[in-house]
Structures are given as C-alpha cells and as structure tokens.
Amino acid sequence: MEAELREIRDHLSQHPPFDTLLDELLDDVVGNVEITYFKADSMILEQGQTIHALSYIRSGAVEIYHYNGELYNRLEEGDIFGQFGLLRQRKIRFPVKAIEDTLLYQIPDTIFDRLCDDDSFADFVELSGSRLKSTVDGSLRENDLMTTRVRKLISRLPLMVETTVSIQETARLMTENAVSSVLLIEPADDQDSDEVFSGDEGGLWRLKGMVTDEDLRSQVIAAGVTTDRPIGQLSDGRLITLQSDESVNEAMLTMLRNHIQRLPVLHRRRPVGVIHLSDIVRYETNSSLYLASNIFSRSTVRDLSRLVPEIRAAFIRLVEAGSTAKMVGDAMSSIGRSLMRRLIELAEDELGPAPIPYCFMVHGSLARHEQSVITDQDNALVLHDSFDPQQHDEYFKMLAQKVSDGLDACGYEYCKGGIMATNDDWRQPLSQWRRYFDEWIADPDPQRLLHSCIFFDLDAVYGEEYLVENLQDMIASKARHNPRFLGAMARNTLNRRPPLGFFRTFVMETDGRQHKVINIKGRGLAPITDVIRVHALAVGSQAQNSLDRLRDIEKANILPAGQVDKLQYALEFIALVRMRHQALELQNDQAIDNAIEPENIDATERHNLKEAFQVVNNAQNFLRYRYPY
Amino acid sequence: MFKKRSQQSVIDEWQHYQTQQAKASVNPTLQRFYQMPLTDPDMPLSEVPFVALDFETTGLDPRYNEIVSFGLVPFTLRGIRPSDGHYQVVKPNCVLSEESIAFHRITHSQVDTAPPLEKVLDELLGRLSGCIVVVHYQQIERPFLDLACRKLWGEHCLFPLIDTMAIEARWQRSGWKHRLKKTLGLQPVSIRLDDSRRRYGLPSYSAHHAKVDAMATAELFLAQVARHYSPTTAIGQLWD
C-alpha cells in the first residue's frame, strides 16, 4: 500500500466503525476513497438530494439539521454521516452544513453496501435497528454471570418426599442421601395448574415446599414437635423457585432479595435441583452476596461502617466484571437494604421492641432497586394507626435518629431535602400518609409535586410491610384515574431535559450551546426514570423498579410499538455509563459524583449516549402530548 | 516599478507556444503531448480534469540535481481519487546520499531496482497529457521536467500549470496587512505546503513522499478554489 493510502488508512482505522473492520475490507474502503473539501458555512448535502457515498470527516466539523432547521447533531473529525440517506433510497433527509473548513473522505455506495455485510459495521450504522440495543445486548452476552445458566451449578437431583411422610423418616432419608434440604410434594390431579408436574413414574405431583436442616432444628427439636408427625406441617407453603435457564446472577439476586440460602431450581415445573448459596459463592467468590451476609453478623454501627470500603470494592468488581446496570443496581440495593435492616435491628436492640407496629420505608433509587454506589438516604416511617404521639413518638423519633445517623456513618449522607424519618412530617401513622398521597393526587399542583415526587417510589425495608403495601395499593388505584395528577407529574418531568449529544470535549445542547460537563443523573437517569414513573402510575402498576414498571407498561399497551424496548435500552445504558464513571472515580480516590466530562467518553459510548438521550427526549415529548396538564 | 503583466498576455503566450511546439516538435512523445490541444482557457474550473504532480529531487538546481521519485494524483473539483494516482521511484545517475535516502523515505533496494528517468518519462507525459497540472512551487517540477526532456530528446517541455504556492502568495502576500508587515520588517506569512494547508483547516501529513505531497497539493487547490474562486472561474485565470 502506498504512502498516501496509508495516511488515509491510518486515520480511518482509529475511528469506529472502521476500527473493527477486517483488514481486507478496510483496504477496499481506502482504495475507493474520494477526497472532497468544503469551506466553512457551505452546504454539503441538501435535503432531498440523492447521494452515492458515505462521508467521513477527515478534518473540520459539520452540523446536521432536522427538516425544521433545528440542530440534530454536530459532528467532528472521525465521524461519519450520510448513512441514513444511503439506507433510505439514497435520499438525504437531513441537510448537512460545514461549520468549519472540512475535508471529507467519500466512500462510494457500492463499498458501503458491502460494508453493511459486516455485523459490527451494520450495527454501527443501525442497519438492523438501534445501535444502542446492540451494545446493550452485546454487554449481556459478554457477561459471564449473566450467561452462565443456573443449571450449571446443579450437581444432583433434589430429594423429594411426600408431605405425609413422617418427620423422622424424612430426616433419615436426608441423612441417607447426605443432603441438607428436601422438597415436599403431594399428589395432584389437576394438570393445568401452574405448580403441577409429572414424576418419573408418571404420577402428577405438586411442589409444596422445602425443609432444611435448620428447619428440623428450629421447628422440630427446639419446638419439641414429635417426629412421627407428617413433614408437611413444617412448610408454610411459600416457596421461591428459579427456572433452570435463568442466570447464576439471577439466582444470586433472588437469594439476596429474599434472604434465603437455598433455591429450588425448576425445569418448567419439574424440580431439577436445589442450589445453595455456597454453590454461587464458590462460583463467584468475590460476590456481593457474601457482603450481604456479612452485614448481618456486625453488631455495632462502627463495625457496619467498616464495611464501606468492602461495599465500594464490590461495586467496582461488579462494574468491572461487565455486569449490567440492573445487576449492579440490584446488588447495591440489596446491600443498602441489608445495611438499613441491620441498623434498625441494632436500634431496636438498644431501644427495646416498638410499642406499636410500624414499617420503615425507603424512597428513590433504593425503593426502585436501582441504587448506585452512593446515594443520600431517603426514608420515612409509616406507623400503625394506633399511634399516639404523646405515648409513642419519642420511641420512633429515637429509632429514626439512630437509623439516620447509622446510615450517614455508612456513607449514606443525610437527605438534603429532609426526606428522612427524623423529620416529623415523614414519621406519621398510615392514615396521615394516606391523606398526604390523597392530597398530592387529588389536588395536584406541579410546584408542590416537585418536592413530593420522590415519595411515589416507595418500598418497605423493615417491619410490617402491609403498611407500605397499603399505600402502594392506594397510589396504584387512585393515580390512574386522575388525569390532572398525571398531567402535573408529566409536566414536572419536562423540567429536566437531556442534551443533544457531544461535540469534541463539550456537551452540546439542543440550542447549540456547549458545556464542559454533563450531570448524567440530572440530565439522563432522572428524566428517564421520571418518564417511566408517570406511565407506570397511569397504568396502575404497583412495581417500583423501572424495568418492572416497563413490563407493566408494555402489558397495558399504551406506548407505540418498540417504545418500551427503547426506553429499556436507554435506561440500561445511561445507568451503566454513570456506574462506570463512579467506579472509575472510586478507583482513583476521587469524590464520587455524577459529572461526566465528554473527553472521558469514547467514540462508541458517545454515539450510544446520544441515541439514549434522543430516546429520552422523544419519550418526554410523547408524555406532554399523552398527559396534558 | 514595472507593472505586472496581465493574465491575458500569459494566456496568449501559452496558446502561441503550444501551437508552435505542436508544429516544431520532433520527438514522438513530445509530439503527441503537444498535439493534444491546450485546454480552453475559458473552461470553467468545474469541468477541468486536473492532475497534481510532485517531484522528489536530490536538490533544488536541475543542472546538478536529479529526480528521485514522482507522484501524481488525478482529480476534479468534485473530488480526488488517491488510488487512481501513480508513484514512481527513479534511479538517478549519481549515487544517492544516505541523508537523501532517509529524507525521501526510499530504500536502497527500491532505488536499485527502479528504472532510470528516460524509461518512465514517456509514461509520465502520457499521464499529464490532457490534464491541467497542479504543483506547489513550480520552480521544481517545471525546470526539472524541462531539463530532463532537453537532455534526453533535445527539446523543451513546457506547459501552463497551476502553482498553489503562487496562488497562496497572491492571497497572503498582497493587501495592506502584508505591506504593513513588510514596512515593519516582519517575517511574511509562510506559504510552504504544510503551512498553507493549515490555513484551510487541512490535516498535516508525513510529507517528503511524492504521492502524499501530490495528494496534499490537490487538497490545497480544492480549498483555495472553495475560498478564493468559484467553480465557474475560467481556468486560464490561474495559469502560470
């Protein structure tokens, strides 16, 4: 290859999508490049014009516009344009103008068509749909914990006994088989039921529960139950199971969420094994799961606060292992909740048992199971309606204070907005909480809702969960029937809009202005979470997690086709960029923040982020029209 | 002070010279070259086929120095096709110094196996024929090519060409700013290839390769036309 072609090749090969092309294909591109030049302020492509080449910016910069003249994008050295026109009948839809003197490499359409046979190139030019989607899917594929099916961890078939078998006989069978758990089954006659499966000998069975060594100790020996009673009476009928094709990661998170150490694994409805926590720990020694169990062995706030470095290290490991944002969010939220539960337990140990039933509730990212490595604490107390301030408030005030101080010691800073149970307003009986929500929903004032919006992500963390579930039920049933409330929420959503994208080392706004940094939470994550919340409220979803909410929204069929997918990919990607940023800051011993500098974002990530921002922007526009105020 | 001769007289001279050479030329290669009619000086730039040409030489004086390599890249105002270009290493009569080998990024074996200029001159003229030649600094390409033809065939080889350095000088070294600088004894703006290119936002290449420089010259010319002229400008206006 001659020197001048090498100059061209060297430049192309440093920029996506050419950086991943096979050498041969890249040589073809280089051999067919035609160089053109446009001075600043001259039009490169006019709308409706026919094009026959993909343009690559060798030097200079261009702007692309919508039909209405609004700025669509600003591109720089190493970027390409014209691909959309080439893919759509060779017609230019968005005009392009040089904003600096610009040297272009034009790649003829014949070569472009051949490049589109290359998967990564096709993904890049979004031949097969969204580039963001392929990136997110790709990271799922790459993730080990995510791809490894839980069935891989199963080493033996589960021991199963009928519920009528005696406790002693069950214990004998467990000893004989050297297992620490047994599944309880009973004959079934109704094949259509979800729980019924057919056994090896052809009979129909229903899975009733699981009994473990611990159960035998606590519920039989310690309770003085005679061992000739049927084993079935030890099971409370509640059983959490997992499908065999779920990921190891999902198994880990299921255990974390439910505070269990054993998980029956089913193939369709038939039990194929039981996996134990230690199976996963063996598989993923540095797991965050280990941390969660560690939390419950700590007996002072000081001991708990010493876990902070470990929690942060686990966060970094999770991010570095290529986990999805959902995985990290789930794990960090489980850790956060465990920490909070332990703090409440310690406070109760000190203060004595609560005088009346109560529930500690969380808001924001922790309620949504989407916590990153740091967050401020957003919590509140829902008390039983027998609450008498004179009699009981001193206790709960102290409880709230201890938990809040403990959280602060463990890195969860006090909430600047005062959303904490230490605040008298947010330490109230259920009836008062119902009045709060009733007012917010029935008499929606956007200004006031701005501050109470955070309460609409709510989840129980400790105590009598029915108190919080009552509120969740109420919100789900009332919000959907109140268009003014939805309109007010939708309107608030529009307060925070994403930027247009990036240009060189700047964040580019829709009006063309440029900034040095972007707050990825405020301008990306929060807006998309807000949008999803409004739709979720509109369809009466009880879910708190954004992905779960999206599933409910999809079922309700209120969004244009494909929109739910787009929101999901955008959410995943934006959240991941934020987590990567924070992991990097942790590793560099920097203060953790949400401020991302464009110069630290690589080219592919920029493209994906831009697409994600676009999704958020479109979703916000749709919201305005769907829920007018 | 003498008045700069008008562009029309430049055009007239070249047309006259071409007619004369077409008749007088004896050497078959040069005959073919001159019998190809000169591009119409009124032809708009947008219709002209160009070829950017660059020689790498052992020095600046054609009497004592030789051509080491040449590169050419054909183009039009619509675009440059580098892969349609041509590059040729030439074996000089003298022994190349180590410095010059390194400077031109040419290896000894490339030089040893290369043909002498007389073997490739014919092909070179064939590639230039019918196109308007664009160079940066005509004081190299024009005298070296002319002298080579005289030595070989005893005939001149001269034709109108476009010099991007002259264009640069015309725009950068005229006007009150330049006069002011001159009065103040300040260094005038550099009009070397790379410095000129920078003024038009063009990237810098690793130079001293004939074809890279030819491509760089073609790009510079496109940029100059975009900034100072128009696609309808008559080609004759830029002849040197």
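Of the residues making up the range A:23-45, those losing 10 Å² or more of accessible area when the isolated chain is joined by the remaining protein chains, with a 1.4 Å probe, are A:Gly31, A:Asn32, A:Val33, A:Glu34, A:Ile35, A:Thr36, A:Tyr37, A:Lys39.
If you model the range B:104-195 as an ellipsoid using its alpha carbon gyration tensor, with each semi-axis the square root of five times an eigenvalue, the axes come out at 35, 18, 12 Å, biggest first.
Relative to the Cα centre, the charge distribution of the range A:515-585, modelled as +1 at Lys and Arg Cβ and -1 at Asp and Glu Cβ, gives a dipole magnitude of about 240 debye. Accessible surface comparison of B:Trp14, B:Trp153, probe 1.4 Å, protein chains only, largest first: the order is B:Trp153, B:Trp14. Summed over both chains, the accessible area lost when A and B associate is about 1800 Å², using a 1.4 Å probe.
Within a straight-line Cα-Cα reach of under 14 Å, A:Lys91 can be paired with the following aspartates and glutamates, leaving aside sequence neighbours fewer than 8 residues apart in one chain: A:Glu46, A:Asp109.
Legend: distances between Cα atoms for A:Lys416/A:Lys478; A:Lys326/A:Lys521; B:Lys23/B:Lys91; B:Lys119/B:Lys211; A:Lys326/A:Lys566; A:Lys478/A:Lys555; pairs beyond 22 Å are A:Lys416/A:Lys478; B:Lys23/B:Lys91. Size descriptor for the range A:518-629, Kirkwood hydrodynamic radius: 14.8 Å (Cα pairs only, one decimal).
Convex hull volume per residue, computed on the Cα atoms of the range A:147-285, equals 115 Å³.
Modelled label positions at A:His52 and B:Tyr17, each set 7 Å beyond Cα in the direction of Cβ, lie 3.7 nm from each other. With a cut-off of 11 Å between beta carbons, the residues surrounding A:Glu2 carry a summed charge of +1, where Lys and Arg count +1 and Asp and Glu -1. Here A:Tyr629 sits with roughly 110 square angstrom of accessible surface, probe radius 1.4 Å. Full extension of the chain segment joining A:Asn177 with A:Leu494 gains 108.0 nm, where the gain is 0.36 nm per residue of separation less the Cα-Cα distance.
Counting only protein heavy atoms, what percent of the accessible surface of chain B is carbon or sulfur at a 1.4 Å probe? Answer for chain B is 55 percent, counting heavy atoms of protein chains only. Legend: calculated FRET efficiency, B:Ser6 to A:Tyr65, from the Cβ-Cβ distance at R0 = 60 Å, rounded to 0.05, equals 0.85. Once the 1.4 Å probe is applied to the protein heavy atoms, the protein assembly as shown comes out at 45 Å² accessible per residue. With a simple spin-label model that places each label point 7 Å from the Cα along the Cα-to-Cβ direction, the separation between B:Leu186 and A:Glu214 comes to 8.3 nm. Relative to the 2.2 N^0.38 Å rule of thumb, the range A:1-66 has a C-alpha radius of gyration ratio of 1.26. Given the options B:Thr113, B:Thr58, B:Thr39, which has the most mean-square fluctuation in a GNM of chain B, springs set between C-alpha atoms less than 10 angstrom apart? Looking only at B:Thr113, B:Thr58, B:Thr39, the biggest GNM fluctuation is shown by B:Thr113.
Largest first and in whole Å, the equivalent-ellipsoid semi-axes of the range A:3-128 read 23, 17, 12, each the square root of five times a Cα gyration tensor eigenvalue. Considering the zone a paramagnetic label at A:Ala561 would reach in this model (a point 7 Å from Cα along the Cα-to-Cβ line), which residues of the range A:604-629 have amide N under 13 Å from it? Those under the cut-off are none; the list is empty. Computed on the Cα trace of the range B:38-238, the radius of gyration divided by the Kirkwood hydrodynamic radius gives Rg/Rh = 0.98. Of the whole protein surface, A:Lys521 contributes about 90 Å² of accessible area at a 1.4 Å probe radius.
What's the whole-number percent of alpha carbon pairs in chain A lying beyond 44 angstrom? Of all Cα-Cα pairs in chain A, 32 percent lie more than 44 Å apart. Across the range A:359-470, Cα-Cα pairs more than 25 Å apart make up 18 percent of the total. Cross-link reach is defined here as a Cα-Cα straight distance under 16 Å, omitting same-chain residues fewer than 8 places apart; for B:Lys151 the aspartates and glutamates meeting it are B:Asp61, B:Glu66, B:Glu118, B:Asp122, B:Glu141. The fraction of accessible area contributed by carbon and sulfur in chain A is 46 percent, rounded to a whole number (1.4 Å probe; ligands and nucleic acids excluded). Once the C-beta distance of A:Ser198 and A:His515 is scaled by a Förster radius of 51 Å, the resulting FRET efficiency is 0.20 to the nearest 0.05.
The gain in end-to-end length when the A:His15 to A:Ala40 segment is fully stretched comes to 6.7 nm, 0.36 nm per residue minus the alpha carbon separation.
The values are calculated or read from the model by the stated rules, or taken from the named source; none is laboratory data. Computed from a prediction, not measured in an experiment: that's the story for all the values here. With ideal geometry, Cβ positions are generated from the backbone for all residues, glycine too; neighbour counts draw on all protein chains shown. Note: accessible area is taken over every heavy atom of the protein model, side chains too, but ligands, DNA and RNA are not part of it. Shrake-Rupley method; radii C 1.70, N 1.55, O 1.52, S 1.80 Å.
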